[in-house]
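Here's the structure, in structure tokens; my notes come after.
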Amino acid sequence: MEEFVMTWIDISHPLTEKVATWSGDTPFSYEVVWPKEESGSVNVGKISMSIHTGTHIDAPFHFDSEGKRVGALDVSVYIGTSKVIDVSEVSCVTQELLADYLPLPPRLLLKTKQQTDPNRFPDHVTELDPRIGPWLKEQGVVLLGIDTASVDHLESKEMLVHYALFDNGVHILENAWLDHVAPGDYELIALPLNIIDADGSPVRAVIRPLL
């Protein structure tokens, strides 16, 4: 039997009925709706959840009614070389801060917290300076991941960072779980489900260190 070396690190939040969600959003639930005792052969389950529960990607349609939906996104954005950067000591992430890590790979993962409680929705998130959008484009970055519920502050209606990123071809991964991950270079896989008309998608995000 072939042996597998477990080098992949899971950076996605477990989906349980305790996982935190945005206020007023659809909570996660799973139930067996057709048990083996009735079907005679299998258990069949059903899930209900907001697309923005746990670790997920945003499509432009999430904040722009004319924006691309999940089915139109290039899946290659969500696979490839990445870098985890620890910014947990700062209150605002700027291009000047990120410039210390040049050159950058096409995908960045920002670790803003040392400890995460997936069952408690945060009171605030680390601020991202919208000016990083065009700067990241200049560096060839196509995906920005973060370990918070949003790249914008939680009360934002203008969604300035969302626009600044997508207007410059930088896609968004939110609520990655990076507590157990050391800064460094990794291979990332964070594929969205092919939910054609959706405004986002949950992902099973995993990374492994680059040698």
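The values are calculated or read from the model by the stated rules, or taken from the named source; none is laboratory data. What you see is a predicted model; the values in this text were computed from it and never measured. All Cβ positions, glycine included, derive from the backbone under ideal geometry; neighbour counts span all protein chains shown.
The residues of the range 18-29 that are out of contact with any Ser or Thr (no Cβ under 6 Å at 6 or more places or on another chain) and loosely packed, with under 13 Cβ neighbours inside 10 Å, listed by number, are K18, S23, G24. Every condition in (1) modelled with pLDDT of 95 or more; (2) part of a loop (DSSP other than H, G, I, E, B) is met by T7 except one, and the failing one is (1). Scanning the range 110-123 turns up at least one residue that is under 14 Å from L173 (Cα atoms), of a type in the set (A, V, I, L, M, F, W, C) and either surrounded by 15 or more Cβ atoms within 10 Å (Cβ to Cβ) or modelled with pLDDT of 95 or more (or both). Among the residues of the range 45-73, those that are surrounded by fewer than 12 Cβ atoms within 10 Å (Cβ to Cβ) and either under 16 Å from L173 (Cα atoms) or touching a residue at least 12 places away in the same chain (Cβ under 8 Å) (or both) comprise G45, K46, I47, S48. Going by the conditions given, is S76 over 16 Å from the mean Cα position of the chain (by Cα) and surrounded by fewer than 14 Cβ atoms within 10 Å (Cβ to Cβ)? Against the criterion (over 16 Å from the mean Cα position of the chain (by Cα) and surrounded by fewer than 14 Cβ atoms within 10 Å (Cβ to Cβ)), S76 does not qualify.
Filtered by the rule that a residue be of a type in the set (D, E) and either closer than 14 Å to E127 by Cβ or not in a loop (DSSP other than H, G, I, E, B) (or both), the range 153-178 gives E155, E158, E174. For the range 175-211, a tally of residues being in contact with a helix residue (DSSP H, G or I) (Cβ under 9 Å, 6 or more places away or on another chain) and farther than 12 Å from V84 by Cα returns 15.
Could you go through the range 198-209 and let me know if any residue there is without any contact (Cβ under 8 Å) to a residue 60 or more places away in the chain, of a type outside the set (A, V, I, L, M, F, W, C) and on the phi < 0 side of the Ramachandran plot. No, that holds for no residue.
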